[in-house]
Amino acid sequence: RAKAQGSGRWEAHRPGSTDPGSARLVLLEQLRAGLRDGELRVHYQPRMHLASGTISGVEALVRWQHPTRGLLQPAEFIDAAEESGVIRDLGAWVLTEAVEQAVRWDARSGPSGLQVAVNLSARQLADPDLVTRVAGVLARAGLPSSRLVLEITETALMSDPDGALTTLQQLRALGVLLAVDDFGTGYSSFTYLKQFPVDELKIDRSFVTGMTTDAGDRAIVASCVHLAHAMGLVAVAEGVESPGERDALLALGCDQAQGYFFSRPVPADAVPVPGGVVGV
Ligand code: C2E
Ligand code: MG
Ligand code: MG
Ligand code: MG
């Protein structure tokens with residue numbers, strides 16, 4: 001039967017069957033339609049103050065309620081969206097949805113000061129309309145700009161650092177907060193890092209995961225926390241899954257944390273907004 005399996009490779013290139021290229025085109029066509037037809041969802045993952053154990057904000061994470069394949073995670077479609085440019089519309093939709101949701105939480109539970117973080121890809125960062133769009137979405141929803149955090153990966157920032165610097169300065173001038181996402185996994189240069197007007201470093205999950213068993217990971221997390229504080233930035237740990245990791249981060253003086261230990265990403269109604277029904 002190994003031969004039959006092997007023949008699948010050949011069959012994949014027969015006209016009319018699904019080779020990887022046409023599968024991607026189908027996916028993109030479905031994604032465009034899904035965006036239009038309201039199949040995208042935003043889930044929110046709480047972010048906690050480590051010292052007090054209270055919620056400081058949420059990160060908006062996109063999902064796709066695919067008509068036949070169920071709820072898809074970003075890993076299944078975000079790269080295709082980025083490469084094709086669909087990320088532009090997708091990102092604009094997520095931004096609007098998350099900002100409007102922050103206003104809905106205020107209406108439900110009273111002003112909570114809860115911050116809402118939205119991820120921006122490299123392509124979104126390079127979009128000349130980005131700054132105007134962000135300003136417009138905030139103004140239309142009536143959300144103070146200081147309630148919005150934009151997360152940009154180290155890799156996206158460094159793909160065009162000079163362009164990024166200009167855009168970050170314009171976003172900063174609006175009053176939104178900026179976070180470096182997946183910190184430690186890219187190729188940041190300290191020359192740029194000290195120039196970027198950012199407010200937070202989000203320490204990548206891969207280091208946090210190893211920190212209770214691996215001295216090297218622990219040293220990296222400790223250094224990131226120190227670096228953040230020395231630069232006047234908030235240190236946020238990603239991917240906290242156990243009480244041991246939470247305790248280790250607290251001992252290192254890390255300010256905030258996010259991870260399955262506190263909560264998985266959940267629909268808006270399940271977010272434990274302060275003053276809301278669900279306690280933290
Ligand atoms: P990210 O911005 O670093 O988001 C954190 C990811 O880690 C999320 O995966 C979250 O569900 C996951 N996570 C959080 N805590 C834990 C934990 O304790 N353990 C483990 N194993 N995972 C944890 P998700 O939602 O699958 O998103 C993956 C990536 O997709 C995000 O990484 C972000 O880069 C991208 N993404 C998600 N939504 C958007 C969006 O609206 N726009 C853009 N441009 N990118 C997005
Ligand atoms: Mg993020
Ligand atoms: Mg991250
Ligand atoms: Mg990530």
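The values are calculated or read from the model by the stated rules, or taken from the named source; none is laboratory data. Just so we're clear, the structure is a prediction, and the values are computed from it rather than from any experiment. We place every Cβ from the backbone using ideal geometry, glycine too, and count neighbours over all the protein chains shown. For accessibility, only protein heavy atoms count, side chains too; no ligands or nucleic acids. Shrake-Rupley method; radii C 1.70, N 1.55, O 1.52, S 1.80 Å.
Values for this structure:
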{"read-out": "Using a Förster distance of 22 Å, the FRET efficiency for Ala107-Arg36 (Cβ separation, nearest 0.05)", "value": "0.20"}
{"read-out": "In degrees, nearest ten, helix 243-252 long axis to first principal axis of the chain (Cα)", "value": "50 degrees"}
{"read-out": "Rg(Cα)/(2.2 N^0.38 Å) for region 69-156, N = residue count", "value": "1.16"}
{"read-out": "Over region 176-280 - Rg/Rh using Cα atoms and the Kirkwood inverse-distance radius", "value": "1.00"}
{"read-out": "Å² per residue, accessible surface of region 110-190 at 1.4 Å", "value": "42 Å²"}
{"read-out": "Environment charge at Leu40 (Cβ cut-off 12 Å; Lys +1, Arg +1, Asp -1, Glu -1)", "value": "0"}
{"read-out": "Probe 1.4 Å, all protein chains present, accessible-area order of Val118, Val131, largest first", "value": "Val131, Val118"}
{"read-out": "Packing-based order for 171-183, 102-114, using average beta carbon neighbours within 10 Å, highest first", "value": "171-183, 102-114"}
{"read-out": "Semi-axes of the equivalent ellipsoid for region 43-107, Cα gyration tensor, largest first, Å", "value": "26, 14, 12"}
{"read-out": "FRET efficiency, 1/(1 + (r/R0)^6) with R0 51 Å, evaluated for Thr166 and Tyr260 via beta carbons", "value": "0.90"}
{"read-out": "Rotationally averaged projected area of region 130-219 (alpha carbon convex hull; nm²)", "value": "6.5 nm²"}
{"read-out": "Sequence of His66, His43 from largest to smallest accessible area, 1.4 Å probe", "value": "His43, His66"}
{"read-out": "Span per principal axis, largest first, for the Cα atoms of region 12-82 (Å)", "value": "60, 24, 20"}
{"read-out": "Sulfur and carbon atoms: percent of accessible area, the chain [1.4 Å]", "value": "54 percent"}
{"read-out": "Ratio of the Cα radius of gyration of the chain to 2.2 N^0.38 Å, where N counts its residues", "value": "1.08"}
{"read-out": "Between region 222-266 and region 89-142, the alpha-carbon center distance in angstrom", "value": "24 Å"}
{"read-out": "Accessible surface ranking that places the most exposed of Ile78, Ile203 first, with a 1.4 angstrom probe", "value": "Ile78, Ile203"}
